[in-house]
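Here is the structure we will look at.
The values are calculated or read from the model by the stated rules, or taken from the named source; none is laboratory data. Everything quoted here is computed from the prediction, not taken from an experiment. No Cβ is skipped: glycine too gets one built from the backbone with ideal geometry, and neighbour counts run over all protein chains shown. Ligands, DNA and RNA are excluded from the accessible area calculation, which covers all protein heavy atoms including side chains. Shrake-Rupley method; radii C 1.70, N 1.55, O 1.52, S 1.80 Å.
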Amino acid sequence: MEKVRIALIGSGRAGMIHARNFAGRVSFCTLTAVCDAFPEAAVAAAKELGVERYETDYEKIISDENIDAVVIATPTKYHCEIAVKAAKAGKHILCEKPMAMTVDECDLMYRTAKECGVVLQIGFMRRFDASFIAAKKMVDEGKIGDVVMVRSNTRGPSIPKPWMYDISKSNGPLAEVNSHDIDTLRWFTGSDFKTVYATAGNFRCPDAKNEFPDFYDNVTLNAKFENGCLGIIDGAQGVLYGYDARCEILGTKGCIYLGNTKENSVTLCTSDMQKSEEYVNSWRNLFTDAYLAEDRDFVETILEGREPKVNGYDGKMAVLTVNAGNLSIKENKVVEINKDSIFVR
């Protein structure tokens, strides 16, 4: 069996997780090149990964006939442009979340990939996490009866980067942090969002308040789904105490709790009757195995010629929900969603 030749475009944190997997942890593939707009980053990534070729212009990667697939892990605003060109060049695509900035961009990416006969997989790695998969199996088997409500939270320890302050360019924490929660709710309810109502505030980023008064680092989103299920999302940046990703699936006959907040399984109890545990400090630690399973599935999808488990429609519906949530925050009203648009109730 021939190996899939993969190139990385964007050598930030998420990109390097994928690249390390493709460089030696995934069978039937080889990492052939890395690309980053910043020369220092491109050189450093190539050196760490043991890859001879590095570029600063992604079009050189896309035009290379000796590359079969690309991982797109650049800032979100570049995803559509790169993905469309990659698809037209016959390259399979693993695109990190968020898929794009707008629904129109998602549609263009999805349509182009279909027309060109290439795989377009979106990076929702929680669907490949063993505990999430086990929970989905329980839901599908009716272990908790009918799903009534799904609640999911993601809270990150680090202060947002300054480029995130402009919601028009970043789509805010709902995109950067809570895209995974949005996809989690869709997956466990088996339905698309119908209405959302979101509220938000900036509690930890005083530097953003004057120039970007719309920026928020804390958000809650209440939702109703097309099948009647309810949903709750809680997101935050800069919480400092650790990386906190948990989920609760409530049914008519039971409940499932998901989420490991411990860095390890050790709990310390002392003579002053205090208990302490080491909190997970990064999503990179918590979902290591999920990223590896996701990357393996990407290669298998290409070799088997099948539809990816997380496709362009999944990515589009997450972006649509992000945009609806941001509109709800701005208008302080319930926002309704259909397959292609959002509108204030």
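In table form, for the structure just shown:
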{"quantity": "Cα-projected label distance for ARG13 with SER276, points at 7 Å along beta-carbon direction, nm", "calculated": "2.4 nm"}
{"quantity": "Relative contact order for the chain, counting Cα pairs under 8 Å that sit 6 or more residues apart, in percent", "calculated": "19 percent"}
{"quantity": "Highest-MSF residue in the chain out of ARG204, ARG127, ARG186 [GNM, Cα springs under 10 Å]", "calculated": "ARG204"}
{"quantity": "Reachable lysines from LYS330, criterion Cα separation under 16 angstrom, eight or more residues apart if same chain", "calculated": "LYS169, LYS209"}
{"quantity": "Alpha-carbon centroids, the range 69-108 and the range 188-244: separation in whole Å", "calculated": "24 Å"}
{"quantity": "With every protein chain in place, the range 79-223: carbon and sulfur % of accessible area (1.4 Å)", "calculated": "51 percent"}
{"quantity": "Estimated 222 nm signal from helices in the chain, with DSSP H stretches of n ≥ 4 weighted -39500 (n - 2.57), rounded to 500", "calculated": "-10500 deg cm²/dmol"}
{"quantity": "Derived scalar couplings ³J(HN,Hα) [the range 139-148; Karplus, 6.51 cos²θ - 1.76 cosθ + 1.60; whole Hz; x for Gly, Pro]", "calculated": "4, 5, 7, x, 4, 10, x, 7, 5, 10"}
{"quantity": "LYS3-LYS333 pseudo-label distance in nm [points 7 Å out on the Cα-to-Cβ vector]", "calculated": "5.7 nm"}
{"quantity": "R0 of 30 Å, Cβ-Cβ distance PHE343-GLU81: FRET efficiency to nearest 0.05", "calculated": "0.60"}
